[in-house]
Amino acid sequence: MYASREDIGYDFGDDSKVGSKPIKPNPNIDGGWAWMIVLSSFLVHILIMGSQMALGILNMEWLEEFNQSRGLTAWVSSLSMGITLIVGPFIGLFISMCGCRKTAIIGGILNALGWILSAYASDVHYLFLTFGVTAGVGSGMVYLPAVVMVGQYFQKRRALAQGLSTTGTGFGAFLMTALLKYLCTEFGWRNAMFIQGAISLNLCVCGALMRPLSPKDVSEKYVVRGNAEENQAKALSHSAETIKSNGVLSEAPEKKEEATNEEVLDSVQHIEIGGKSRSGQNMYGLRILKTVSQLTVTVRKGFAIWYSSYFGAASLFTNRVFVAFIIWALFAYSSFVIPFIHLPEIVKQYNLSSQNNIFPLTSIIAIVHIFGKVILGIISDLPCISTWNVFLMANFTLVTCILTLPLMQTYASLAVVCALIGFSSGYFSLMPVVTEDLVGTKHLANAYGIIICANGISALLGPPFAGWIYDITHKYDFSFYISGLLYMVGIIFLFIQPCIQKKQRREKSTVEAQV
């Protein structure tokens, strides 16, 4: 394991903007409007991730209504969760073109539409399209901007800010479980989904709060980062050598393209000025032409940034630790999602429904999850503690709980394991921080999009796999064992790769010293 950023051998040139000239920090960085961004992200996590964690209630209603197998019915919840995360890389393209605020507002409308249309479902396959795809894509368009904006507004308190904002998942799981249970009992599941769709329109308000930082604000954030890391100059210069060997994003083509685009817009403006003597109809046409030209420039520039991050000379995939992070993400999320989807059925199987109705096990996970995110965030922000090490320890704890959960057959023992699952899964608040440490703020949107896409594949396949295993064996035990072992493989990748890279760097330094 390693204890600091320089041991990773990462970064894609963000710190190249660091200057030695001291300037007054912008009040919006680590303060001011930054806390409104945290509030917005907190509400997004309640409405999106919290609702998805409560889908076990609707899953039981769908099993009763449509009389389909558990494996097939579980695909509805899995599609919604999976697509929310899988679309991450493509949402990164939207963010590059039109920004976080517009992307989130459009996503809020789409998510609400998916919930409302699902109220009229005639079979499970209808729900695949309306709830799984439509609501899932809408959720993804809000979720990624909510995470990215917190990363942009915070530098010194990143882990704490992400921890506070993502506690919305725990609050949401607790609140939405109770809300959906009440709505389904009082009004039926169809009306419950219609009401939830209306509530989801508040995502548009959350998106409106995502005020973008100006380029000046962003540059000041880089300067703050540089001043805080002057004592690591030697290590960072070594990292810079590593980056150059992997290739650097070329800014010359971007500047050339920007110059070309400005020439196009200037020509349109000259045409418009010359057309003032013409009729109003011609002026209207010129304004449309100018708007289309500006839109084309924005799309081309956004696509160029998005494409270079994935397939350019300094592709994110040249960072080996980041690749190991992706492999981990492919196995990790299903181990957390499976208990939420199938715990109600497990409780029913063990005849613990009466105790679970008093205090649901999913609510225990949700409540402790809140404290886990905040506490792990506070610990990670301590100067003597490595965020990476905290992240790994939480993962080891979670996989141990997943493997032992099938052995617990009493409510008390299940409650203890669920509490540990809730606390250790608080590492989710550290994922954006670890990602930013690996690739830098500039590439956070695209990099985190890849990570949540891998998580989405895991969430998409996990619950149906557990349902399929149950249909064969009439037990959930093997589902937890297999998913836990795969999760362990991902953690081993995450643990070994940085050690290998650190060892190679030391050997290279030794050879250079001898020469």
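What is the distance in Å between the Cα centroid of segment 344-367 and that of segment 384-442?
Using only Cα atoms to place each centre, the spacing works out to 21 Å.
Along the charge dipole of segment 27-214, Cβ charges K/R +1 and D/E -1, which of 97, 133, 78 sits furthest on the positive end?
Of the options given, the answer is 97.
Using a 1.4 Å probe, what is the accessible area per residue for segment 52-109, in Å²?
35
Take 350, 120 and sort them by solvent-accessible surface of the protein heavy atoms, 1.4 Å probe, largest at the top.
120, 350
How big is the charge dipole of segment 316-495 about its Cα centre, in debye rounded to the nearest 20, if each Lys and Arg gets +1 on its Cβ and each Asp and Glu gets -1 on its Cβ?
Around 40 debye, computed over segment 316-495.
With a 1.4 Å probe and all protein chains in place, put 318, 387 in order of accessible area, largest first.
318, 387
If a/c stays under 1.5 just call it rounded; otherwise compare a/b with b/c (prolate if a/b is bigger, oblate if not). Do that for segment 27-214, with a ≥ b ≥ c from the square roots of the Cα gyration tensor eigenvalues.
Taking the square roots of the gyration eigenvalues as a ≥ b ≥ c, segment 27-214 is prolate.
Return the sequence-ordered ³J(HN,Hα) values of segment 181-194 in whole Hz as given by the Karplus equation 6.51 cos²θ - 1.76 cosθ + 1.60 applied to θ = phi - 60°, using x for Gly and Pro.
Here the 3J(HN,Hα) series is 5, 5, 5, 5, 6, 7, 10, x, 5, 5, 5, 4, 5, 5 Hz.
Give a residue-ordered list of calculated ³J(HN,Hα) values for segment 437-447 (Karplus: 6.51 cos²θ - 1.76 cosθ + 1.60, θ = phi - 60°; whole Hz; x for Gly, Pro).
The phi angles translate into 5, 6, 10, x, 5, 4, 9, 4, 4, 5, 5 Hz.
Expected output is a single nm value to one decimal: the length gained when fully extending between residue 471 and residue 129, i.e. 0.36 nm times separation in residues minus the C-alpha distance. What is it?
Once the chain is fully extended between residue 471 and residue 129, it gains 120.7 nm.
State the Cα centre-to-centre distance between segment 61-115 and segment 119-191 in whole Å.
Using only Cα atoms, the two centres lie 9 Å from each other.
Go through 348/373; 102/442; 156/442; 181/475; 290/442; 373/475 and tell me which ones have a Cα-Cα distance over 23 Å in this structure.
Beyond 23 Å: 348/373; 181/475; 290/442; 373/475.
Given a 1.4 Å probe and the protein chains all in place, what does the accessible area of residue 509 round to, in Å² to the nearest 10?
50
The values are calculated or read from the model by the stated rules, or taken from the named source; none is laboratory data. These numbers were taken from a predicted model, which means no experiment stands behind them. Note: ideal-geometry Cβ built from the backbone for every residue, glycine included; neighbour counts use all protein chains shown. For accessibility, only protein heavy atoms count, side chains too; no ligands or nucleic acids. Shrake-Rupley method; radii C 1.70, N 1.55, O 1.52, S 1.80 Å.
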